[in-house]
1. Can you tell me which residue within the stretch 38-94, out of those that are aliphatic (A, V, I, L, M) and part of a loop (DSSP other than H, G, I, E, B), is most open to solvent (accessible area, probe 1.4 Å)?
2. I'd like to know if the stretch 17-28 contains one or more residues that are out of contact with any Pro (no Cβ under 7 Å at 6 or more places or on another chain), surrounded by fewer than 18 Cβ atoms within 10 Å (Cβ to Cβ), assigned to a helix (DSSP H, G or I) and without any contact (Cβ under 8 Å) to a residue 12 or more places away in the chain.
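The values are calculated or read from the model by the stated rules, or taken from the named source; none is laboratory data. Worth saying up front: this structure is predicted, and the values here are computed from it rather than measured. Virtual Cβ from ideal backbone geometry, glycine too; neighbours counted across all protein chains shown. Heads up: the accessible areas ignore ligands, DNA and RNA and are worked out on the full protein's heavy atoms, side chains in. Shrake-Rupley method; radii C 1.70, N 1.55, O 1.52, S 1.80 Å.
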Amino acid sequence: MMTPTDKLIVPVLLSGGTGSRLWPLSREAYPKQLLSLLGEKTLLQQTAMRTADKTIFSSPMVIANAEHRFVIGEQLREAGIDGAKIILEPLGRNTAPA
């Protein structure tokens, strides 16, 4: 059982990409993580919702392309994720540098 002095896990969700792998479904403006492929919620929403337990996780950080910031913010709001921090990549460099 967690006590108030225990630290919470900070989930970091990587949400970059160019939308080229699942073409024609995904596009530059809507890469796969912003699409509803496995149910009604998008892949980003499903991932964020898995970190919603406030006894284990703090609010997530989403590392994202600047072009997707508003869509990501709206999708997180629709999923009921409060307090998420969206960190914008100045330039996409694949997963390792993120």
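1. Ranking the candidates gives Leu38 first.
2. no
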